[in-house]
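Asks: After the structure tokens below, expect a handful of questions from me.
The values are calculated or read from the model by the stated rules, or taken from the named source; none is laboratory data. Just so it is clear, the model here is predicted, and its values are computed rather than measured. Virtual Cβ from ideal backbone geometry, glycine too; neighbours counted across all protein chains shown.
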């Protein structure tokens with residue numbers, strides 16, 4: 001994602017002077033850095049959402065994908081991170097059985113909805129190449145909802161519970177956002193999917209395994225209840241679905257200013273929709289005397 005590493009001085013020069021009033025050549029001249037180093041630093045900072053393109057010109061599609069996702073993530077992270085369910089568990093004491101079950105339930109609804117929005121993406125894909133990519137993605141994701149359903153049964157939910165429960169409004173908002181976006185804007189859909197897919201690295205795999213081992217050690221639910229959630233994440237990482245999101249932007253011409261603005265609006269809106277989803281999970285499931293799930297006769 002990043003260009004060859006530029007000297008620290010070039011990054012400092014860009015951060016000090018990138019106010020939209022100076023060109024990269026002028027920044028290089030005033031800082032004593034080479035134009036190449038300043039350009040590399042500016043590009044890297046653009047990809048990480050730190051600076052924008054003040055010239056408002058067409059931008060390579062993949063470069064803008066990285067920029068938009070980074071900006072959107074930062075915009076949502078700044079909002080009340082202490083309200084995220086994982087943080088709530090830490091604040092209340094990690095042994096929060098009801099909140100953990102709620103996270104598994106809402107994850108089940110999210111994952112089970114994948115065939116709905118992915119199939120919409122296939123139907124509206126702009127090219128045969130994209131249709132094939134999304135069809136393969138659909139095949140890889142199709143059974144994961146069934147895995148998570150088995151985990152909920154292992155966590156103590158009955159078939160009647162599974163038939164009665166419905167997703168929280170925040171979960172429904174995310175699902176519908178993906179479905180509509182998949183049907184209307186393939187590039188925007190790729191950005192939305194990138195919020196759910198993790199990069200394929202050994203460190204990521206180790207982190208997932210360690211996180212779930214710790215959840216098992218809490219002894220809130222049997223390992224069979226948590227294993228499907230863990231295995232879903234591990235299989236997605238192994239399939240390198242994060243790179244699939246980048247492939248949406250491969251071979252796409254440079255994006256016009258209008259396209260950039262439309263994608264940024266979607267990216268930021270989706271990031272905040274996800275944030276509201278997480279807040280709703282925390283609010284509903286952290287009530288110690290509340291129902292196990294939203295639904296009939298919960």
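Asks: Please determine whether any residue of the stretch 27-37 is assigned to a helix (DSSP H, G or I) and closer than 28 Å to residue 191 by Cα.
Replies: no
Asks: Something else: Among the residues that make up the stretch 204-217, is at least one of them in contact (Cβ under 8 Å) with a residue 40 or more places away in the chain and closer than 19 Å to residue 243 by Cα?
Replies: Kept after step one, since they are in contact (Cβ under 8 Å) with a residue 40 or more places away in the chain, are these residues of the stretch 204-217: 215.
Filter again for closer than 19 Å to residue 243 by Cα, leaving none.
No, the stretch 204-217 contains no residue that is in contact (Cβ under 8 Å) with a residue 40 or more places away in the chain and closer than 19 Å to residue 243 by Cα.
Asks: Here is a list: 228, 167. Which entry is buried (at least 20 other Cβ atoms within 10 Å of the Cβ) and outside any helix (DSSP H, G or I)? Explain how you work it out, then say what you get.
Replies: Details: 228 fails: outside any helix (DSSP H, G or I).
When all the criteria are applied, what remains is 167.
Conditions (1) within 24 Å of residue 214 (Cα to Cα); (2) assigned to a loop (DSSP other than H, G, I, E, B); (3) at pLDDT below 85; (4) touching a helix residue (DSSP H, G or I) at 6+ places or on another chain (Cβ under 8 Å), marked per residue:
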{"residue": "1", "(1), (2), (3), (4)": "no, yes, yes, yes"}
{"residue": "6", "(1), (2), (3), (4)": "no, yes, yes, yes"}
{"residue": "41", "(1), (2), (3), (4)": "no, no, no, yes"}
{"residue": "45", "(1), (2), (3), (4)": "no, no, no, yes"}
{"residue": "62", "(1), (2), (3), (4)": "no, no, no, yes"}
{"residue": "69", "(1), (2), (3), (4)": "no, no, no, yes"}
{"residue": "87", "(1), (2), (3), (4)": "yes, no, yes, yes"}
{"residue": "108", "(1), (2), (3), (4)": "yes, no, no, yes"}
